[in-house]
1. Can you give me the number of residues within segment B:47-65 that are of a type outside the set (G, A, S), at pLDDT 95 or above and touching a helix residue (DSSP H, G or I) at 6+ places or on another chain (Cβ under 9 Å)?
2. Residue by residue through segment B:171-224, note down the ones that are under 25 Å from the mean Cα position of the chain (by Cα) and of a type in the set (F, W, Y).
3. Mind checking which residues of segment B:95-119 are over 32 Å from the mean Cα position of the chain (by Cα), under 17 Å from B:D131 (Cα atoms) and open to solvent by 60 Å² or more (accessible area, probe 1.4 Å)?
4. Among the residues of segment A:533-553, count how many are in contact with a helix residue (DSSP H, G or I) (Cβ under 7 Å, 6 or more places away or on another chain) and at pLDDT 95 or above.
5. Given the condition within 9 Å of chain B (Cβ to nearest Cβ), surrounded by fewer than 21 Cβ atoms within 10 Å (Cβ to Cβ) and assigned to a loop (DSSP other than H, G, I, E, B), answer yes or no: does some residue in segment A:365-376 qualify?
6. Given the structure, is A:R276 open to solvent by 20 Å² or more (accessible area, probe 1.4 Å) and at pLDDT below 95?
7. Does any residue in segment A:499-510 that is over 15 Å from A:R555 (Cβ atoms) come within less than 6 Å, Cβ to Cβ, of a residue that is open to solvent by 80 Å² or more (accessible area, probe 1.4 Å) six or more places away or on a different chain, and which pairs are these?
Number of protein chains: 2
Amino acid sequence: MMHMDEAEADPQSRPERTARRVPDRDSTPVGPTRGDASVDSALRRNGWGFADSGFYANAEGVAGFNGGRYPLGGSTFPELLAWMEGALGTRLDQRERHEFAYPPRVPPPLTDPSLIADLKTILAEEQLCTDSLVRLRHGHGHALEEIYAINYVQLSRVPDLVVYPSTEQAVVELVAVARRHNACLVPYGGGTNVSKSLACPPAERRLIVSVDMSRLNKILWIDPVNRTASIQAGAVGCAIQDELKRHGFTLGHEPDSSEFSTLGGWIATLASGMKRSRYGNIEDLVLDMRVATSLGAVSRQSAGPRESAGIDVRQCMFGSEGTLGIITGAVVRLFPTPTIQRHDSIVFPTFEDGFAFLYAMRDEASPPASMRLLDNAQFQLGLALRPVASGLLHRLRRIRNSAIARLHHIDPEQGVLCTLLYEGTRQEVALQRKSVRKASRRFRGLHAGAANGRRGYELTYTIAYLRDFALTFHIVADSFETSVSWSRALAMCTEVKARIRAEFERLALPGRPLVACRITQIYGTGVCVYFYLAFHHATLADPVAVFSHLESCARAEVIRCGGSISHHHGIGKIRAEFLPSVLSPAAVEFASRVKQAVDPDNVFGIDNQRVAVPQAPETLG
Amino acid sequence: MMHMDEAEADPQSRPERTARRVPDRDSTPVGPTRGDASVDSALRRNGWGFADSGFYANAEGVAGFNGGRYPLGGSTFPELLAWMEGALGTRLDQRERHEFAYPPRVPPPLTDPSLIADLKTILAEEQLCTDSLVRLRHGHGHALEEIYAINYVQLSRVPDLVVYPSTEQAVVELVAVARRHNACLVPYGGGTNVSKSLACPPAERRLIVSVDMSRLNKILWIDPVNRTASIQAGAVGCAIQDELKRHGFTLGHEPDSSEFSTLGGWIATLASGMKRSRYGNIEDLVLDMRVATSLGAVSRQSAGPRESAGIDVRQCMFGSEGTLGIITGAVVRLFPTPTIQRHDSIVFPTFEDGFAFLYAMRDEASPPASMRLLDNAQFQLGLALRPVASGLLHRLRRIRNSAIARLHHIDPEQGVLCTLLYEGTRQEVALQRKSVRKASRRFRGLHAGAANGRRGYELTYTIAYLRDFALTFHIVADSFETSVSWSRALAMCTEVKARIRAEFERLALPGRPLVACRITQIYGTGVCVYFYLAFHHATLADPVAVFSHLESCARAEVIRCGGSISHHHGIGKIRAEFLPSVLSPAAVEFASRVKQAVDPDNVFGIDNQRVAVPQAPETLG
């Protein structure tokens, strides 16, 4: 037994005696403040990421990665272009690059002096911006169609005005002004969506105001006893993590877009982070939120750890994609910074083996923070991104006939890679490793070390730059994701790949499509699967239309195979057409009525999740 | 490494090869089917529980418990009445019992022959019931006010008709018929709510149809690979558990009302079960649901493990308390039946010590399935419910001056009890015990053994009968709950108790109030606290009004101290008045508009969560 004085010696052990919030008065801005020229210029305007980072190909046809931000920065990848050529069944000609023709023509802004006058009662002059390229950037996300359009074609409609509120109250007032002037508001977080959820409705005749949330980027308080923090919606993922870490905490939410995406965007899209197994999805992390709606400021006095408080507005905001209001801030749960963080990787002879390994891991009370299973094509891409040719692929090829390879049945054209991240206390990590060792053995797993695991997670951030690079080689590419039960997952992966290939063939398209997948999340009841699709379009007049058609076929196949419409990307405009195939008419009507009821003037007119009313037979005839 | 044949030998290890659902074709009804006389008669109509179980007091003034359903059945409790007298500062006179005067007068039913005719196109004659006592039972839950009213006074409004649909489709059709005939529908699950959420609006002029869901009690399928089951909304908790256990699974959801409450009711009230720490709350367990709404059947093709599918109707149904539609079924997550289940108990010198112990346990990756901390009054009540006087209280009193007591500082008037339930694999339970041992030592915990722990959980079900018994001694009693952050919890417990005592004194009420509390759930960010209030009202004309006033004072104090409006009981009619003090006006308006938009004719007119529109100042003046 510990004596009284021992217990007393540890003040943190008595929550009531240590209740305090830090910082008590001053709040901490985290992350870049956009609308500030020096910060804005750090971001690439016409593609993914930071302006100083990205892939390039030199005169000798060797690809490399620029800049010093990422571990891959400054490296060249001797195998990359050759691997892409093999995977796509084409020649990538350095002399016929499809260089970006950015900037495109930007439609001139609508103006409304009386609206501007009223906005100036809330915002300073410098918080309003009508610059063409700024407006353009606020009118799209990172869907293939959008990046293609801004670099090779144009957008037919973009916001007319971008505003940078710096207080939550200003956002509430903005909504009232917009309503009064019949303007349309579109919240803008990190602009990283891939659902066309920032795409302005072409037919919108009202003035569209993009509400850039980047100045609402403060951590208002951290409560170390209850492990909660109040954070403004415009705060960016990595910046939140850095700041919380200084206080000994983590939010544990790390989507692949963490460098740019924001808390508000995560809520609006129902985001999922790679460490969900340990920390939960965004809906598990958000205890409360504040939202500026057409009805006023939605908020509450204080949020309990969990409440049964009737029909819960907050639940409607998850996944609302800017259609119901502007999320201005949230109270989130925190976790202590893990004592230990270790990477790991395992090679399995087949995707099925790796999948069975994940299935065996679904029960762990303290699972690894992340497990990802890459299919063979993804695995090979990762290997092709090695700075030198002597990587694992090479080694695997060399050991093909060795005793180890035979024992493990690893064929380089079949093998798959599982990357893992252990996180937690010393004891938890020890348990995580033990259960992984045990389960991987059952399915012929070959441990491939911590370095390969770490590399896999580091690649996450750099690989996001690859699509824009590929575009300049006449390659169109994008990813899409879904969730599906365990029992239907493998068949779905196979069928979706087959469906894309069959359609590709039916259309007699050139070369072959690269179709890859990875499993990025596991649940007790199923998994999240990412698909990647790329093809070389050199001879096509409208490659994006073809791509969209293939993606649509793939999504229909996903749904036919029991997959969901989306695991965490959301609906936006890309997937709205599929809502009626997964939801009953009443469910579609329900959501639509909620929208109309709480935003009767359609102030939040970004038009996501809009299901086209089917035409009556006579009109069709 | 396990060789291929070893992996093959375990078919469950490959989900794709074992995909099957059991039962494949036939579905299993679980639990009692109401509307069947033999089953109906097993339930007590005018109070809690089964008709054959309950407390009584014999001629010698010794209390006992009837029936063979519970471990306490057939026992007498020599200390109970004396303890109650001490706690309430009164004499409980056997000769002046306040016997129940049930049944009360039941208002005659409204009739509508055309509605009935249309209902008969959906339902058989025997699925419609206008029996007075059946209608009465469907017009209330178990709030003190309601049980008092049916036994001593009367209800001014009850349903006019009770229907027993037996298919989900019939419920959907019922809604259409009700809408056409301008009738009001009220879903009825187990009738166990304590929020007056079944109380009919006195001013309702339309015909009120209670939709008794008891025949929708089938498990439609169990999917052992993905660990999901599709269950109809009327299935009762314990029956679900029994049936799932036969298949090697558990839902893990065990609210104190498990014997009677239903899956649909859990969703409608946002229920929480005692084993939440291991299995989650109802919102964590439900993957999908089917709802009969005014707009038609809300459903989806298949539910992913997790989805981002836009504004999610399902989220609106959690906590909707019958106001948006009738939940007809749900797909839920399952867990393997735990290998081990062990009880435990720890006595702490003070509530603060026990609380600090819980706080220390909040981080465990595999926590005990349940931990409950009873304050001294609750602890004493448990001891008073010992069949013999030689229980722990007696022992504690005897050892007051012993070396052990001095070492542990256990004073019988200060000590508190924590009951625990370990559940999981052998390894998990070993870890749970280890962490409990370590943490309890830090806060002077004295292990009181598995038997006392088991008894605590067994008492849960029997203690629910105590309130009705106490009523016959002129004692009014009820419980209410909240959730609150760790740092504010202890102060809230103290302040709420003080507030009640002060108000009791201010009103110069007789005797003294028994005010007790227990912590029933812990979260990373805070706890769920139950309060219990009882007093002897012999001389009061309207004891229920006084009780309601005291409970209102207590709720206001809860909110002032940072507590939530409710952790899991919900709003109903009892707590609606507090919504404006926790929610911003826009949040209140938001919920109200959602209701109006999706149920424009107010078919689901049970009027829960209705916030009275504040009168304008001039009307008040």
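1. Of the residues in segment B:47-65, 4 are of a type outside the set (G, A, S), at pLDDT 95 or above and touching a helix residue (DSSP H, G or I) at 6+ places or on another chain (Cβ under 9 Å).
2. Passing the criteria: only B:Y188.
3. Within segment B:95-119, B:T111, B:P113 meet the criteria.
4. Residues meeting the conditions: 9.
5. yes
6. no
7. Correct list of pairs: A:P510/A:T539.
Rundown of residues vs (1) touching a Gly at 6+ places or on another chain (Cβ under 9 Å); (2) more than 7 Å from chain A (Cβ to nearest Cβ); (3) open to solvent by 10 Å² or more (accessible area, probe 1.4 Å), yes/no style:
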site: B:T269; (1), (2), (3): yes, no, yes
site: B:D284; (1), (2), (3): no, yes, yes
site: B:S294; (1), (2), (3): yes, yes, yes
site: B:S302; (1), (2), (3): yes, no, yes
site: B:R306; (1), (2), (3): yes, no, yes
site: B:G310; (1), (2), (3): yes, no, no
site: B:R314; (1), (2), (3): no, yes, yes
site: B:I326; (1), (2), (3): yes, yes, no
site: B:G329; (1), (2), (3): yes, yes, no
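The values are calculated or read from the model by the stated rules, or taken from the named source; none is laboratory data. The structure displayed is predicted, hence computed values, not measured ones. All Cβ positions, even for glycine, are placed from backbone atoms using ideal geometry, and neighbour counts span all protein chains on display. Note: accessible area is taken over every heavy atom of the protein model, side chains too, but ligands, DNA and RNA are not part of it. Shrake-Rupley method; radii C 1.70, N 1.55, O 1.52, S 1.80 Å.
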